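A.B. asks: My questions will all concern the structure given below.
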Amino acid sequence: MCDALISQLDLYPTLCDYIGVEHPAWLQGKSMMPILRGEQAEINEEVHAEVNYHISYEPMRMVRTHRYKYIRTFSTATIQLLQIVIKAKQRISG
């Protein structure tokens with residue numbers, strides 16, 4: 001299991017590193033290879049997400065860290081700041 005903050009933008013650089021291709025200059029995101037190799041626990045301090053259309057026009061933006069999630073919904077002028085609480089992992093033996 002991995003608790004690292006990963007974005008879809010990190011997939012392309014990871015694939016480039018995996019197959020040994022240079023990253024294009026315009027490429028966004030960071031390779032996940034250091035995490036997959038066990039060299040680093042994190043590659044991002046935060047990740048961003050956005051939605052413009054779902055069923056209707058309802059634009060939203062989100063910033064997520066390990067501790068907080070900030071969500072702004074433009075259609076309703078709503079802002080949420082959520083503190084993330086992660087419970088200890090439970091193992092089931094048996």
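A.B. asks: Between residues in segment 10-22 that are hydrophobic (A, V, I, L, M, F, W, C) and residues that are surrounded by 13 or more Cβ atoms within 10 Å (Cβ to Cβ) and not in a helix (DSSP H, G or I), which pairs lie under 6 Å by C-beta distance while being six or more apart or on different chains?
C.D. replies: Pairs found: CYS16/HIS23.
A.B. asks: Looking only at segment 1-46, which residues are β-branched (Val, Ile, Thr) and either more than 27 Å from GLN83 (Cβ to Cβ) or part of a loop (DSSP other than H, G, I, E, B) (or both)?
C.D. replies: ILE6, THR14, ILE19, VAL21, ILE43, listed by residue number.
A.B. asks: Another question about this same structure. Among (1) assigned to a loop (DSSP other than H, G, I, E, B); (2) not assigned by TED's automatic domain parsing to the domain that holds LEU81, where does ILE55 come up short?
C.D. replies: So ILE55 meets the others, but not (2).
A.B. asks: Which of the residues belonging to segment 58-94 are loosely packed, with under 10 Cβ neighbours inside 10 Å, hydroxyl-bearing (Ser, Thr, Tyr) and modelled with pLDDT of 85 or more?
C.D. replies: Within segment 58-94, THR76 is the sole residue that qualifies.
A.B. asks: For the list (1) assigned to a loop (DSSP other than H, G, I, E, B); (2) in the same structural domain as TYR70 (by TED's automatic domain parsing); (3) of a type in the set (A, V, I, L, M), I need the number of the one condition that ALA49 fails.
C.D. replies: All conditions pass for ALA49, except number (1).
The values are calculated or read from the model by the stated rules, or taken from the named source; none is laboratory data. If you're wondering where the values come from, they're calculated on a predicted model, not measured in any experiment. When we count neighbours, we look across all protein chains shown, and the Cβ atoms used for this are built from the backbone with ideal geometry, even at glycine.
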